[in-house]
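The values are calculated or read from the model by the stated rules, or taken from the named source; none is laboratory data. Quick caveat, the model's predicted, so the values are computed rather than measured. Every residue, glycine as well, gets a Cβ built from its backbone with ideal geometry; the counts of neighbours run over all protein chains shown. Surface areas here come from the heavy atoms of the whole protein model, side chains and all, with no ligands, DNA or RNA. Shrake-Rupley method; radii C 1.70, N 1.55, O 1.52, S 1.80 Å.
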Amino acid sequence: MPNAPSGPGGGGPLDPARDDPRREGELATRVRGKVQRPARFKVLLYNDDYTPMEFVVILLEKIFAKGPSEATAIMLAIHNSGLGVAGVYTLDIAETKVVAVHKAAEQRGYPLRAGAEKE
Ligand code: TYC
């Protein structure tokens, strides 16, 4: 953006009106302070003895947008270790993915479990 307001009176950092207490609350945007990045949550899948491997791979492809080889590697890691990370998201997206996993598994009568955990 060329010629953004920057000097005195332009609304930029040197504008005396910006810190005028009588104008408190007028600004729609934060003037100072740290940027708050949203917290991130791992979506964990848990191993069980009944859910078919192929179903877990398809679910990792469809719900977590993994390619076939990565989906297979994640599924095998879960199968061998007991749990694994399917993806990392903001809280609302992570919770939506957990619900989608449980819905897909329940529809087919599989006991597959998922959960969200703060990173
Ligand atoms: N252990 C399952 C089987 O042998 C496969 C499986 C993998 C199940 C990952 C769940 O999250 C899971 N059929």
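If you check every pair at least six apart or on different chains, which have Cβ atoms under 7 Å apart with a residue in segment 99-119 that is free of Cβ contacts under 8 Å to residues at least 40 places away in the same chain and within 9 Å of the ligand (Cβ to nearest atom) first and a residue that is open to solvent by less than 60 Å² (accessible area, probe 1.4 Å) and not acidic (Asp, Glu) second?
Note: no pairs meet the criteria.
Is it true that some residue in segment 38-48 is surrounded by 14 or more Cβ atoms within 10 Å (Cβ to Cβ), aromatic (Phe, Trp, Tyr), out of contact with any Phe, Trp or Tyr (no Cβ under 9 Å at 6 or more places or on another chain) and part of a strand (DSSP E or B)?
yes
Working only within segment 53-83, note down all residues that are open to solvent by 30 Å² or more (accessible area, probe 1.4 Å), within 16 Å of Lys42 (Cβ to Cβ) and in a helix (DSSP H, G or I).
Of everything in segment 53-83, those that are open to solvent by 30 Å² or more (accessible area, probe 1.4 Å), within 16 Å of Lys42 (Cβ to Cβ) and in a helix (DSSP H, G or I) turn out to be Glu70, Ala77, Ser81.
Return the pair list, or none, for Cβ contacts closer than 6 Å from residues in segment 37-62 that are under 16 Å from Lys97 (Cα atoms) to residues that are assigned to a loop (DSSP other than H, G, I, E, B) and modelled with pLDDT of 95 or more, at least 6 apart or on different chains.
Arg40/Glu119; Lys42/Glu119; Leu60/Lys66
Which condition number does Ala86 fail, the rest of (1) touching a Phe, Trp or Tyr at 6+ places or on another chain (Cβ under 9 Å); (2) assigned to a helix (DSSP H, G or I) being met?
Condition (2) is where Ala86 drops out.
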